Structure formats: C-alpha cells, structure tokens
Amino acid sequence: MSGGHGKDEAIARQLGWSVRTMRRRMSRLHEDLNAANRLQAGVIAARRGWI
C-alpha cells in the first residue's frame, strides 16, 4: 500500500480503533505537540516522558 496506509491500518488494528479514528487522533496529537510528522511527535512525546 502506498502513502503509509498499511502502517495506519496496522496501528489502528493494534489499538482496536478504526483507521479513521486513528488518523483523527494522530492529527490531534500532532496539533497538540506542534509536530510536523510522526517522528517529530515521537521525539517530543519522549522528551516529555510520555513514552
């Protein structure tokens, strides 16, 4: 699958969410963290001690 959709589906499946819910939550998280992408969101979350 192109565009990272396979990753989205795998993440959603692991969390027991729909793909749409997972994308909405990731989008909100990126906004809250002021992150441009998942990698940056992960780095910020780690610095905050969330993960």
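Would the stretch 9-24 turn up any residue that is surrounded by fewer than 10 Cβ atoms within 10 Å (Cβ to Cβ), under 10 Å from the mean Cα position of the chain (by Cα) and part of a helix (DSSP H, G or I)?
So far as the stretch 9-24 goes, no, none of its residues is surrounded by fewer than 10 Cβ atoms within 10 Å (Cβ to Cβ), under 10 Å from the mean Cα position of the chain (by Cα) and part of a helix (DSSP H, G or I).
Take ALA35 and decide whether it is surrounded by 14 or more Cβ atoms within 10 Å (Cβ to Cβ) and either modelled with pLDDT of 95 or more or not in a helix (DSSP H, G or I) (or both).
yes
Name the single residue that is nearest to the chain's Cα centre (by Cα) among those in the stretch 38-51 being open to solvent by 70 Å² or more (accessible area, probe 1.4 Å) and under 19 Å from LYS7 (Cβ atoms).
So, considering only residues that are open to solvent by 70 Å² or more (accessible area, probe 1.4 Å) and under 19 Å from LYS7 (Cβ atoms), the one nearest to the chain's Cα centre (by Cα) is ARG38.
The values are calculated or read from the model by the stated rules, or taken from the named source; none is laboratory data. The structure displayed is predicted, hence computed values, not measured ones. Ideal geometry is used to build each Cβ from the backbone, glycine not excepted, and the neighbour counts take in all protein chains shown. The area values use the complete protein model at the heavy-atom level, side chains included, leaving out ligands, DNA and RNA. Shrake-Rupley method; radii C 1.70, N 1.55, O 1.52, S 1.80 Å.
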